[in-house]
There are 2 protein chains.
Amino acid sequence: MLSTIGDLGEFGLIERVTARFPGTDDVILGPGDDAAVIKAPDQRVVATTDMLVEGRHFRRDWSTPRDIGHKAVAQNVADIEAMGARPTALLIALGVPTDLPVAWADEFAAGVADECGASGGAVVGGDTVRSEVLTVSVTALGDLGGRAAVRRDGARPGDVLAVAGRLGLSAAGLALLERGLDDPAACVREHRRPRPPYSEGERAARLGATAMLDISDGLVQDLGHICAASGVAVDLESAALVPPPELRAAAELLAADPVGLMLAGGEDHALAATFPADTELPEEWTRIGTVTPERTGAAGAAVTVDGRPSEAAGWRHFG
Amino acid sequence: MLSTIGDLGEFGLIERVTARFPGTDDVILGPGDDAAVIKAPDQRVVATTDMLVEGRHFRRDWSTPRDIGHKAVAQNVADIEAMGARPTALLIALGVPTDLPVAWADEFAAGVADECGASGGAVVGGDTVRSEVLTVSVTALGDLGGRAAVRRDGARPGDVLAVAGRLGLSAAGLALLERGLDDPAACVREHRRPRPPYSEGERAARLGATAMLDISDGLVQDLGHICAASGVAVDLESAALVPPPELRAAAELLAADPVGLMLAGGEDHALAATFPADTELPEEWTRIGTVTPERTGAAGAAVTVDGRPSEAAGWRHFG
């Protein structure tokens, strides 16, 4: 009976886990060789990487291994979507303590496989090594389908700003868990398994989005990147930031401002994009503000709400 | 004065380190957006990932940060070369303790940049996160230039087996460091900064290599993968395994068999490939054996030396 990763060994673990990952039409050569080979139909490939570390990005007592598998895939695929691309492939490196139960790896792999199924990407390779700290490093690849990449530097004054996906639920979920609560369940679930708006990045690109990014550190903080790269400012309309009932309920429990959670909360992996003013937005995209000329000087906050600087600070790395 | 990564913060660290990485002709969009965009001229991309963990794959008292930067790139690029591909791009995720000196990150980035220059790949993206255990996760991408990938499953009885690069020096260097020795310097240097035979993977593919891999766990162990995938066996010729003087000197100090180090030592990241018998091998490739029909049954060792089973065991992960 193999109960820990140490008993199973690296090759045993790889064989066991790999069996869970089906190929797709994008995969020419999957796991098992020195490297994988993936289709890149338009002669370009989009690539991004993220590392998740236990205690920093997840806790084993707050998230199941399946949750962590889902989340690791989702947050990387969101970065591919944010370029206007379709995810094609993922590579997953795992640093694992030798006493990690094999069942943990099985469940993690199941979460990865499920989220890949939802996003359309295939696991094509990876690495497993021993580490005292459980660490998941994911690289995602994508295909632009002949379109230009939607970068952060194309927003122009007069563009509308819109978001697809959820805002604030994950931050509320984390704050609830920190207080020993697991209700409202919708918020906690969003923290454990964020659901980026798959395929909306590609759709935004088709609609002519001028700039786009994935909201991982908080709406205000991340919009600051578009402002800096594009040389613009953004004014959000508070009336458009409508907290859903589960977020209002969580905010009440937390004695927090629900709109503040929407402005500062990260990790929902919603997409924010700017579009030409005359774009007809589909219902998945909610208009929340306008791009304005860059403001300079001491009063020059890049992101304002109803014309006033926002207090909302996002996630501070190494903070 | 910013002396630690904690003082600098994630974005400061990224900005500081990114400045060191020049683009290449393969890079359409480098670091700074949600994802990078890289050329994939033949509509396919080769991809591999490896994780290095402090205490397991390197020690800060045995390797400089520059060494570790070199090694992280080299071992990933070797996997790209082993498919017969040319490296194009790398993504690097770093898990760092907050008390890590900024100078460490600077030197690490310098090593990465130097090794990228040697290998031809460009750093196009990455991630930095906080971790109690210093962790480096690298993904490398490559281009096959219209050729078929050289997999592990194409070796046929009658093929010749050849290697490019070094064998045994890195293992000897590690054993020396474990005994508090740093001479013969050539072996220790090879452990700290392995030098894969860049561009020889692509050349082997052009020469018609039928199977190829990167030797990371030890010659005998890794050749076992070719045997298993191709349904063949391999007989090595001990007369062709000639230890260089620095390896003989190290073996004497270690009271070890120098040929044993060549058979079992990993991490030099030499390439092993099989070729049709009539292939004219360039001098960078040394013929060391022959592919034979698969041997089955109890006496059926996949890899033999002069017809006899080898005792050489390679690197055992999680061992």
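The values are calculated or read from the model by the stated rules, or taken from the named source; none is laboratory data. The structure presented is a predicted model; accordingly, all values stated were derived computationally and were not measured. Please note: Cβ atoms are built from the backbone with ideal geometry, for glycine as well, and neighbour counts cover all protein chains shown.
Below are the figures for this structure:
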| read-out | value |
| --- | --- |
| Test result for A:Asp26, within 7 Å of chain B (Cβ to nearest Cβ) and among the charged types (D, E, K, R) | no |
| Which listed residue, of A:Ala171, A:Ala228, is small (Gly, Ala, Ser), within 21 Å of A:Gly307 (Cβ to Cβ) and in a helix (DSSP H, G or I) | A:Ala228 |
| Matching option when the condition is touching a strand residue (DSSP E or B) at 6+ places or on another chain (Cβ under 8 Å) and either without any contact (Cβ under 8 Å) to a residue 24 or more places away in the chain or of a type in the set (Phe, Trp, Tyr) (or both), among A:Asp25, A:Asp67 | A:Asp25 |
| Failed criterion for B:Ala204 (all others in (1) buried (at least 22 other Cβ atoms within 10 Å of the Cβ); (2) assigned to a loop (DSSP other than H, G, I, E, B); (3) of a type outside the set (Val, Ile, Thr) hold) | (2) |
| Test: residue in region A:237-247 that is of a type outside the set (A, V, I, L, M, F, W, C) and closer than 30 Å to B:Thr128 by Cα | no |
| Within region A:211-258, considering residues that are farther than 19 Å from B:Asp34 by Cα, touching a helix residue (DSSP H, G or I) at 6+ places or on another chain (Cβ under 9 Å) and of a type in the set (Gly, Ala, Ser), the one farthest from the other protein chains (Cβ to nearest Cβ) | A:Ala249 |
| Single match in A:Gly168, A:Gly121, A:Gly125 (criterion: in the same structural domain as A:Leu241 (by TED's automatic domain parsing), in contact with a Gly (Cβ under 9 Å, 6 or more places away or on another chain) and not aromatic (Phe, Trp, Tyr)) | A:Gly168 |
| Some residue of region A:213-223 being on the phi < 0 side of the Ramachandran plot and assigned to a loop (DSSP other than H, G, I, E, B) | yes |
| Residue that is farthest from the other protein chains (Cβ to nearest Cβ) [pool: residues in region A:1-16 that are in contact (Cβ under 8 Å) with a residue 60 or more places away in the chain and out of contact with any Pro (no Cβ under 9 Å at 6 or more places or on another chain)] | A:Arg16 |
| Single residue of region A:258-297 satisfying the filter (part of a loop (DSSP other than H, G, I, E, B) and polar (S, T, N, Q)) that is modelled with the lowest pLDDT | A:Thr296 |
| Test: residue in region B:182-197 that is assigned to a loop (DSSP other than H, G, I, E, B) and surrounded by fewer than 19 Cβ atoms within 10 Å (Cβ to Cβ) | yes |
| Within region B:117-159, tally of residues that are outside any loop (DSSP other than H, G, I, E, B), within 11 Å of chain A (Cβ to nearest Cβ) and not aliphatic (A, V, I, L, M) | 10 |
| Residue within region A:52-64 that is farther than 19 Å from A:Gly126 by Cα and aromatic (Phe, Trp, Tyr) present | yes |
| Those residues of region B:75-106 which are modelled with pLDDT under 95 and among the charged types (D, E, K, R), in sequence order | B:Asp99, B:Asp106 |
| Residue, surrounded by the fewest Cβ atoms within 10 Å (Cβ to Cβ), within region A:1-41, restricted to residues that are assigned to a loop (DSSP other than H, G, I, E, B) and in contact with a Leu (Cβ under 6 Å, 6 or more places away or on another chain) | A:Leu2 |
| Test: residue in region B:282-290 that is over 29 Å from B:Pro184 (Cβ atoms), out of contact with any Ser or Thr (no Cβ under 7 Å at 6 or more places or on another chain) and within 14 Å of another protein chain (Cβ to nearest Cβ) | no |
| Of all residues in region A:231-257 being of a type in the set (A, V, I, L, M) and assigned to a loop (DSSP other than H, G, I, E, B), the one that is farthest from the chain's Cα centre (by Cα) | A:Ala255 |
| Identity of the residue in region B:298-319, away from chain A (no Cβ under 14 Å) and modelled with pLDDT under 60, that ends up surrounded by the most Cβ atoms within 10 Å (Cβ to Cβ) | B:Ala299 |
| Residue in region A:54-64 that is under 21 Å from A:His191 (Cα atoms), assigned to a helix (DSSP H, G or I) and more than 13 Å from every other protein chain (Cβ to nearest Cβ) present | no |
| Counted residues, region B:270-286 - those being in contact with a helix residue (DSSP H, G or I) (Cβ under 6 Å, 6 or more places away or on another chain) and charged (D, E, K, R) | 1 |
| Search result, residues across region B:154-193 that are within 19 Å of B:Gly218 (Cα to Cα) and free of Cβ contacts under 8 Å to residues at least 12 places away in the same chain | B:Glu178 |
| Residues that are buried (at least 21 other Cβ atoms within 10 Å of the Cβ) and of a type in the set (Lys, Arg), drawn from region B:50-78 | B:Arg66, B:Lys71 |
| Cβ pairs under 8 Å, 6+ apart, first in region A:30-44 and more than 7 Å from chain B (Cβ to nearest Cβ) and charged (D, E, K, R), second buried (at least 21 other Cβ atoms within 10 Å of the Cβ) and assigned to a strand (DSSP E or B) | A:Asp42/A:Asp143 |
| Residue within region A:80-89 that is among the polar types (S, T, N, Q), over 24 Å from B:Leu134 (Cβ atoms) and assigned to a strand (DSSP E or B) present | yes |
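Table: residues versus (1) of a type in the set (D, E, K, R); (2) closer than 22 Å to B:His70 by Cα.
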{"position": "B:Leu169", "(1), (2)": "no, yes"}
{"position": "B:Leu177", "(1), (2)": "no, yes"}
{"position": "B:Leu181", "(1), (2)": "no, yes"}
{"position": "B:Glu202", "(1), (2)": "yes, yes"}
{"position": "B:Gly208", "(1), (2)": "no, no"}
{"position": "B:Ala240", "(1), (2)": "no, no"}
{"position": "B:Ala251", "(1), (2)": "no, no"}
{"position": "B:Asp278", "(1), (2)": "yes, no"}
